[in-house]
Each structure stands twice: as C-alpha cells, then as structure tokens.
C-alpha cells in the first residue's frame, strides 16, 4: 500500500471520528447552570473545546488507521470473510 493511500485513508477516518465525537462531553448552558444570551438556542454548547476534539479524533483515527493497514498487510479479514449471503460451509 502506498503512503499516499494511507494518508488519504487517515484523513477520511479522522473526519468520521471528529464528526462522531462532536456530541460527547458537551454540555448546554442549562446543564451547567449558566446564563444564556437572548436568542440563543437551548441546545447550544457552553463548553465546546475544539482542541480536545481534535486530539481525541487524531488519536482514535491513528489507532483505527493502524489497524486497517495492519489488516491490509496481514490479511486477517478479507472480503470473502464478509460474505453474509452465501457463507462457506463449515467442515
């Protein structure tokens, strides 16, 4: 596998991880007993920390991409293993 492919896969995995992790650990003003600005949505986050989100997404994406590359190199799970419609007969 070329290094450019690994970088592209990492970027895709990082983006997915960042979007999946957005709602975790975020609290609203009501949950933190803080005063809201007039016109503010009730669901607006009060403690959004983008740096922490980037760090968590980076670490998770690195682990997942590493597992993907290791599986690609070692062939632990191949496409034939994921055939759910016509599974191979067990002997």
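Tabulated values for the structure
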| read-out | value |
| --- | --- |
| Residue in the range 53-76 that is farther than 23 Å from residue 2 by Cβ and in contact with a strand residue (DSSP E or B) (Cβ under 8 Å, 6 or more places away or on another chain) present | no |
| Residues (in contact with a helix residue (DSSP H, G or I) (Cβ under 6 Å, 6 or more places away or on another chain) and either at pLDDT below 90 or assigned to a loop (DSSP other than H, G, I, E, B) (or both)) located in the range 39-59 | none |
| Condition met for residue 13 (assigned to a helix (DSSP H, G or I) and surrounded by 12 or more Cβ atoms within 10 Å (Cβ to Cβ)) | yes |
| Tally of residues being surrounded by 10 or more Cβ atoms within 10 Å (Cβ to Cβ) and more than 23 Å from the chain's Cα centre (by Cα) across the range 61-82 | 1 |
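The values are calculated or read from the model by the stated rules, or taken from the named source; none is laboratory data. Because the structure is predicted, anything quoted here is derived from the model rather than measured. When we count neighbours, we look across all protein chains shown, and the Cβ atoms used for this are built from the backbone with ideal geometry, even at glycine.
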